[in-house]
Amino acid sequence: MTKTGMIDFRGVNKWFGALNVLKDITLSVEPREVVVVCGPSGSGKSTLIRCVNGLEAIKDGDLVVDGQRLGDPATNMTQLRTEIGFVFQSFNLYPHKTALENVTLAPIHVRKTPRAEAEKAGRELLAKVGLADKVNAYPAQLSGGQQQRVAIARCLGMRPKIMLFDEPTSALDPEMISEVLDVMVAVAEEGMTMMVVTHEMGFARKVAQRVVFMDAGAIVESGTPDEFFSHPRTDRSRAFLSKILRH
Amino acid sequence: MLENFSFRTIVEYLPLFGQGLVTTVWLSALSFVGALAVGIVLCAMNLQRGWLFRTPAKAYIDAVRATPLLAQLYFLYFGLPRLGFVLPELVVGILALSLNSGAYVAEIIRAGILSIPRGQVEASVASGMTYVQRMRLVVLPQAFKVTIPPLLGQAIVLVKDSALLSLISVAELTRAGQLLASDRFMPAEGFLTIAAFYLLLYYCLKGLATLSGRWLGTAGART
Ligand SMILES: Nc1ncnc2c1ncn2[C@@H]1O[C@H](COP(=O)(O)OP(=O)(O)O)[C@@H](O)[C@H]1O
Ligand SMILES: [Mg+2]
């Protein structure tokens, strides 16, 4: 057997009806590695990372996450998901729960962490993302940037091995983007294995080991941030970069 | 016309109206609890993926919504004894109202559950919650708030529908009006009085709906 990464796509294909959204994807993410995924809208970036925690099922090929093959009867998907944090573009906080409750809900009910312990950890995490004063606030009382930081703390509360981010700053007002990116940088620097769909070049240059460029469901190009941003090799990646650099 | 209106007779019959009112209230309350039970089960069946539970639930809901309550009531009233179940009228009445209202309650609850954004479900799935956990912790607490006002609306409908039980001689409010009408040939007195009582019940439930709306409104500000 070849060496296995933390996340290992081997010839993965996926269809939505007649649309081949993921075309023969082969990609391995090592433990503690940060991979940034970029590409035009509709190129399959969300679908790619949603496959990793089984929010989407793959059609053929193998996808091995933390040593477990997805779709294998021996793989307990619910269990595996507790090891994978997912940060959504639209935050998806639980509106009927406070910031602290959002963070402690899964640790208490899924991990079975004693409440007091989970709350202590939850407060620490909220402090870490700069929201110590918002523990009792409801999502509707928080700005977008604050909500996204709570969402990141909510994932960290499960002490995951992997974190997936789907355009975490795309729904934010420009002045709130950096507060979220700063938190993500801190998470990356602690050695988290991450796949991040984003067009934030600054973030990619700072913490990513690799940038993967997708177009029309396929990985077209992959390289270090410096290689990719300074010397894109394909016409499609050059066209894409010129578009995101224009604003 | 009003000079012929006999307030004295109404007062004389007041104890009878009172009993009718009490009966209407508790039989409606019991039927509503029954409707909630029927509705929850039907809705759970209807939300399953496979057809095995879904199809019968959908067929039942359609059948109830497509036929008059009176026909359903007679169906049970005359049909059950034939099957060997001889039940008191009151029980048949409560059963009919529960089974009928349950179909509407099922749809109200389903709409509430489906109103929860997909992202909420995805967030809970992604955190490793089981189906039961995400229903209990994430979906139902939010759906609950959305369903309270329409459920109270259904309760108002149920109270009015309970008048049909007078036709299988359950001694509820409308029956009291009928008695006054037929004993004394005073339909105006009889039916205007019960109308007033139904109005009273309506305002009670509407008040409750407003209160719950206010409570949910403050809770809503937090959502
Ligand atoms: N649930 C779905 N059903 C059908 N088509 C979908 C679904 N989700 C995404 N798609 C399609 O798959 C393609 C890739 O989508 P997505 O992974 O969201 O792209 P990206 O995140 O790169 O914008 C798009 O053409 C999109 O319209
Ligand atoms: Mg996307």
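The values are calculated or read from the model by the stated rules, or taken from the named source; none is laboratory data. Please read these numbers as outputs of a predicted model, since none were measured by experiment. Positions of Cβ are backbone-derived with ideal geometry, glycine not excepted, and every protein chain shown enters the neighbour counts. Calculation scope for accessible area: heavy atoms of the full protein, side chains included, ligands and nucleic acids excluded. Shrake-Rupley method; radii C 1.70, N 1.55, O 1.52, S 1.80 Å.
If you go through region A:1-50 and keep only what is within 10 Å of ligand 1 (Cβ to nearest atom), closer than 15 Å to A:Phe213 by Cβ and among the basic types (Lys, Arg), you end up with just A:Lys45. Write out, first by first residue and then by second, each pair whose Cβ atoms fall under 6 Å of each other, whose residues are 6+ apart or on separate chains, and whose first residue, in region A:129-152, is open to solvent by less than 10 Å² (accessible area, probe 1.4 Å) while the second is of a type in the set (Lys, Arg). As it stands, the answer is A:Val129/A:Arg149; A:Leu131/A:Arg149, since those pairs meet every condition given.
A:Asn53 falls short on exactly one of the conditions (1) facing another protein chain (nearest Cβ under 9 Å); (2) under 29 Å from A:Ile25 (Cβ atoms); (3) more than 16 Å from ligand 1 (Cβ to nearest atom); (4) open to solvent by less than 10 Å² (accessible area, probe 1.4 Å), and that condition is (3). Does B:Ser182 satisfy the criteria of being under 21 Å from the mean Cα position of the chain (by Cα) and among the hydroxyl-bearing types (Ser, Thr, Tyr)? Considered against the rule, which asks whether it is under 21 Å from the mean Cα position of the chain (by Cα) and among the hydroxyl-bearing types (Ser, Thr, Tyr), B:Ser182 comes out as no. Picking from residues in region A:66-84 that are aliphatic (A, V, I, L, M) and within 13 Å of chain B (Cβ to nearest Cβ), the one that is nearest to the chain's Cα centre (by Cα) is A:Ile84. Within region B:103-124, the set of residues being within 12 Å of chain A (Cβ to nearest Cβ) and crowded, with 21+ Cβ neighbours inside 10 Å comprises B:Ala123, B:Ser124. Restricting attention to region A:43-55, the residues that are of a type outside the set (Val, Ile, Thr) and farther than 18 Å from B:Met129 by Cβ total 6.
For region B:1-56, a residue qualifies if it is closer than 19 Å to B:Leu180 by Cβ and not in a helix (DSSP H, G or I), and the qualifying residues are B:Met1, B:Phe5, B:Ser6. Beta carbons closer than 8 Å, at least 6 apart along the sequence or on distinct chains, pair a first residue in region B:78-103 that is among the acidic types (Asp, Glu) with a second that is in a helix (DSSP H, G or I) and open to solvent by 20 Å² or more (accessible area, probe 1.4 Å) for B:Glu89/B:Tyr77. Considering only residues that are within 15 Å of ligand 1 (Cβ to nearest atom) and surrounded by fewer than 20 Cβ atoms within 10 Å (Cβ to Cβ), look in region A:222-247 and name the one that is farthest from the other protein chains (Cβ to nearest Cβ). Filtering first and then ranking leaves A:Arg236.
If only residues of region A:5-50 that are over 14 Å from A:Thr193 (Cα atoms) and of a type in the set (S, T, N, Q) are counted, the one that is surrounded by the most Cβ atoms within 10 Å (Cβ to Cβ) is A:Ser43.
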